[in-house]
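Heads up, the thing below is written out as structure tokens.
What follows is calculated from the coordinates using simple rules that are stated; it is not laboratory data. Computed from a predicted structure; not experimentally measured. In this analysis, Cβ positions are derived from the backbone assuming ideal geometry, glycine residues included, and neighbour counts consider all displayed protein chains.
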Amino acid sequence: MSLNDFELVIGIEVHCQLKTKSKLFCPSSTTFGDEPNTHISEVNLALPGALPVLNKEAVRLAVLAGLALDCDIQKTSVFSRKNYFYPDLPKGYQISQFDKPLCLNGHLDIDVEGVSKRIGITRIHMEEDAGKLVHQGADSIKGATHSIVDLNRAGTALIEIVSEPDIRSAAEARAYVEGLKMIVQHIDVCDGNLEEGSLRADINISVRKKGEKAFGTRAEIKNVNSFRSIEKAIDYEFKRQTALVLAGEAVIQETRNYDEATQKTTSLRGKEEAHDYRYFPEPDLPPLVITDQQLADFKMQLPELPSIKLKRYQDEYQLTAHECKVLLQDVAMGHFFTAVLSQVTSAKPKKVALWITGELNAVVKEKQSDFSNLSISSQQIADLCDAMDTGKVSGKMAKDVQVACFDSKTSVSEIIAQMGGGQISDTSELETVVQDILKANMDVVEKIKAGKTNSANFLMGQVMKSTQGRAKPDVVLQLILDVVETL
Amino acid sequence: MSKAKLSAIELAKKIHQGETTSVELTQQALDAIAATDDRVNAYISVTAELALDKAAEVDKRIKAGDIRSPLAGIPIGIKDNLCLKGTKTTCASTMLKNFVSPYTATAVQRILDADLIPVGKCNMDEFAMGSSTEHSAFSPTKNPFNYDYVPGGSSGGSAATVAARQVLVSLGSDTGGSIRQPAAYCGVVGLKPTYGRISRYGLVAFASSLDQIGPFSHTVEDSAHLLSLMAGHDPHDSTSLQQAVPQFSDALVDDVRGLKIAVPAELFGESIDPEVLASVKHALDVYVSMGATYEIVSMESFKAALASYYVIAPAEASANLARFDGVRYTHRTSEAESLKEMITRSRSEGFGDEVKRRILIGTFVLSAGYYDAYYGKALKARRVIKNEFDRVFHDYDVILSPTTPTTAFKFGQHSDNPVQMYLNDIATIPANMAGLPALSVPCGVHNGLPIGMQLVGKALDEATLFRMGYAYQQHASIPELEGAL
């Protein structure tokens, strides 16, 4: 037996931090990066007598996520207390959902190398985040002289999306998390930033011999902070667990930590150290009820999903798969594209997409900026695309105009005027120029007449020179060929 | 107190008419506490400065014609598990002996907004767990009528201060009888409102699904006014009810004709002391003479109430008290080598025995493998109890019983047998389990100790309880107790 005789069985739990202004159970701000313990209330501090009040916006966002992943939204769901002691958990329990979560039975379709597959989503539930411990004198609590508690993050709204064990490879796992990220970003419920932790994936991995029905013993991998890490961690676990099985040893059910530096997983705690969380219904919160009317409203609010948008882009705009991917992966770019489309008068969506994903994207990257923070307006890009479409500027000129547009409120037409008036495509205006150039270069004209049509390029160059590059090339070429005939 | 025999509402009228002042009454209350509290020990802390400042402010307003409530200017005692900004809220525990609350409970805020004067924080059983106020880290409160006897609990301080007439009104909390039982033992009126009627925000939680704040007073009228001031929805408490609050003083009519009283057989037989039973029977006769009727009904589910309460309440408490971990504002052990040791030692040192007992019970009944057998079953029993109340209230307006099976017991009487102490709550617990309003009214005296009767009403129908209690107080003659003071 070898590695090839084994297959991976993977289920993923993804925590998404919801984009709410205030926390899940109190009005404290969710702003990050401020002084420790500045965004806290009696609720986050778990002062005696403090009570949780559910954030309605968080519920809305959680329902939108459930709808986007085709879940059954539960009319009644229940918050529970998950009990354990840790200094970053001030109440001594986390308010989460346990046996009656908000969303059940969803799925996400993924595509790996052209093969599409449906990954089941068991449930989505709402819960609050914990605070943060900063250990002093060591990297972890072991060996630290003391630890400082920052509760700014405590109580931030999360959803946990739990998949079925349907994933069979590292590539599928990556595609699944990428797909989730794209969806939560598109419907604007989560930043979806793996590196910054607004989206966190815990990966449950087991191996079994191909063809077997029963699952192997699983390990849960935590601290996977990038798509690359997801793949690396799974590769490592596959080899580790397979080696154990081949050696006749047992895989232990445990939680393991992925170390980015060594690309290895190490044991965090075993099953025997697993907590008995003593879940019971949270008596401070009545059951969460979603009425039919609310559900209908939420469905109306659900933006176009990436999968639908992809099909529309391909069918209506004739965009390539690559262009679609670029536009869908960068949500801000996608929004910019949509804005430009609503402002153009003649330019076709395909041209607009090409320009934005190509020329504009290149400049934005060069400036180390991004589409959520652009210093060029969608109106400017719309006007520029129209100017190209009507022949007012060439592609080459458009790049210069675009550069001038950045950090400028000046309109595209003014910039073109400042640059000398744009492209000349008027035949009558160009004909005199062509006549003059040709008459001054009769030797070249003769060559063309003799069949050396390439020589027209020289004449073209001369025309461009005399019009400071503003002449529209295809019009000039046709004129040259027409005038040659008359000479 | 010279004006001692007046009710709070009558005394307030005297303030509002300029015959006395809030400062004068507040000073009298503070003097009374200073003179007698070394014996009664009704207070953990006295907020003299805050009280006199507030009283002066209120007097100024009253002089200017700004009378903010019918009880404006009246001194009040507040149980020490209710947060009052800037003052200690200890819950009678070493764990919180230095905790100063940075915010005020909604119920207390409404009392402050009504211009009552908080004179101090009342003693209690630690974290409201107990029926005797013996379980206070700051020494027990004594029954003002006989210092050898407990005042009841857990709101023993709140009951005793009213009984001793240090103040005429106070606030307590009731999870399984913690207002009504001490009210009965101390011969005062005590109300546990409908669950959700008064916001729990700022009440240090014992068992969240059962806890409810309520008033103590000598007259039903005073309690009705206090409920009107505190009741009503609070956006800070998701379990507080949206329902409009009636003006409860409108319910104070001396007419009970046609009202139908149910008397649970389970609380009207051998389990009750004969003297207590006789007093309650006499009260029933008074009601019959006023035109009400009563029948004995069986409420078998009451037998399951005590057992299921002692699963649900400790289960919730085990989580509610987890926040007292030695990390932030609580007692922290002076020496610990690890995080686990710090938490364990801080909790071992900070909590008293009764609290530990309930945390252990609660942790056990929620544990994997035991949940269904205990907590799950207790929740089912709770539903059965609710259904039984519904059935009885289909045919009757109110349920009447003794508040407690006996009069106050002696200190130490139940120290070796906590279950015997838990039995004190046999009549009061069902109302908590069903979330129903219940009022204890003094109805007799035996061997110099008071006896109380309990009236349980339909959800949100405190009005009928006030009407019944008010009419009774107009007609019944109960021997006046002088007390040990």
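Some observations on this one:
- Cα centroid separation - segment B:138-200 against segment B:227-290, whole Å: 17 Å
- Coil-residue trypsin sites (Lys or Arg not before Pro) of segment A:364-406, DSSP, other Cβ within 10 Å capped at 16: A:LYS367
- Residue order for B:HIS282, B:HIS475, A:HIS322, fewest other beta carbons within 10 angstrom first, comes to A:HIS322, B:HIS475, B:HIS282.
- Sorted by Cβ density within 10 Å, fewest first, the residues A:ILE141, A:ILE416, B:ILE361: A:ILE141, B:ILE361, A:ILE416
- For segment A:203-319, the antiparallel share of DSSP beta bridges with both residues in that region comes to about 70%.
- Oblate is the label for segment A:205-346, because the ratio a/c of its alpha-carbon gyration tensor axes (a ≥ b ≥ c) is 1.5 or higher and a/b is not greater than b/c.
- The mean of 1/r over all distinct Cα pairs in segment B:71-205, once inverted, gives the Kirkwood hydrodynamic radius of 14.3 Å.
- Karplus 3J(HN,Hα) series, Hz, for segment A:202-207 with 6.51 cos²θ - 1.76 cosθ + 1.60 (x for Gly, Pro): 9, 10, 9, 10, 9, 10
- Cross-link reach list, lysines versus A:LYS447, counting only Cα pairs under 23 Å and skipping chain neighbours closer than eight places: A:LYS439, A:LYS465
- Relative contact order for segment A:427-486, counting Cα pairs under 8 Å that sit 6 or more residues apart, in percent: 42 percent
- Those trypsin sites (Lys or Arg not before Pro) in segment B:51-138 that DSSP places in a loop and that have at most 16 other beta carbons within 10 Å: B:ARG68, B:LYS85, B:LYS97
- Calculated on C-alpha atoms, the gyration radius of chain A divided by its Kirkwood radius gives an Rg/Rh of 1.13.
- Assigned charges on the beta-carbon of Lys, Arg, Asp, Glu; chain B dipole about Cα centre (debye): 820 debye
- Distance between segment A:79-125 and segment B:434-485 - C-alpha centres, whole angstrom: 51 Å
- Range in chain B, longest, excluding exposed GluC sites (Glu not before Pro) [loop by DSSP; at most 14 other beta-carbon atoms within 10 Å]: B:20-269
- Magnitude of the charge dipole, chain A, Cβ model with Lys/Arg +1 and Asp/Glu -1, debye to 20: 520 debye
- Rounded tilt (10° steps) of A:292-301 against the dominant C-alpha axis of chain A: 30 degrees
- Exposed loop positions in chain A were taken to be GluC sites (Glu not before Pro) whose DSSP state is not H, G, I, E or B and which have at most 10 other beta-carbon atoms within 10 angstrom. Between these positions, the longest stretch is A:250-487.
- Cα-only Debye scattering, the protein assembly as shown: base-10 log of I(q)/I(0) at q = 0.05 Å⁻¹: -0.44
- Taken over the Cα atoms of chain B, the convex hull encloses 136 Å³ per residue.
- Among the lysines of segment B:313-416, pairs at least eight places apart or on separate chains and with Cα atoms under 28 Å apart come to 5.
- Crossing angle, helix A:331-341 versus chain A [Cα axis fit, 0-90 degrees, rounded to tens]: 40 degrees
- Prolate/oblate/rounded label for segment B:402-469 (Cα gyration tensor, a/c 1.5): oblate
- Counting only lysines at least 8 places from A:LYS309 when in the same chain, those with an alpha carbon closer than 22 Å to its own are A:LYS117, A:LYS181, A:LYS299, A:LYS325, A:LYS348, A:LYS350, A:LYS351.
- According to the Kirkwood relation over distinct C-alpha pairs, the hydrodynamic radius of segment B:297-349 is 13.4 Å.
- Mean residue ellipticity at 222 nm, helices only, chain A: -11500 deg cm²/dmol; runs of at least 4 DSSP H residues each add -39,500 (n - 2.57), and the sum is divided by the number of residues.
- Antiparallel DSSP beta bridges within chain B, percent to nearest 5: 65 percent
- Relative contact order (%) - criterion: Cα under 8 Å, at least six apart; region: chain B: 18 percent
- Residue order, fewest to most surrounding Cβ atoms within 10 angstrom, among A:ILE437, A:ILE119: A:ILE437, A:ILE119
- Degrees separating the helix A:456-466 axis from the principal Cα axis of chain A, which is the longest one: 90 degrees
- Divided by 2.2 N^0.38 Å, where N counts the residues, the Cα radius of gyration of segment A:304-418 comes to 1.02.
- Segment A:427-486, Cα convex hull volume normalised per residue, Å³: 68 Å³
- In segment B:246-343, the trypsin sites (Lys or Arg not before Pro) that fall in loop regions by DSSP, at most 14 other Cβ within 10 Å: B:ARG257
- Alpha carbon centroid spacing (whole Å) that separates segment B:322-399 from segment A:188-211: 36 Å
- Between the residues B:SER367, B:MET342, A:GLN478, the greatest Cα displacement towards the positive end of the dipole of the protein assembly as shown, with unit charges on the Cβ of Lys, Arg, Asp and Glu, is found for A:GLN478.
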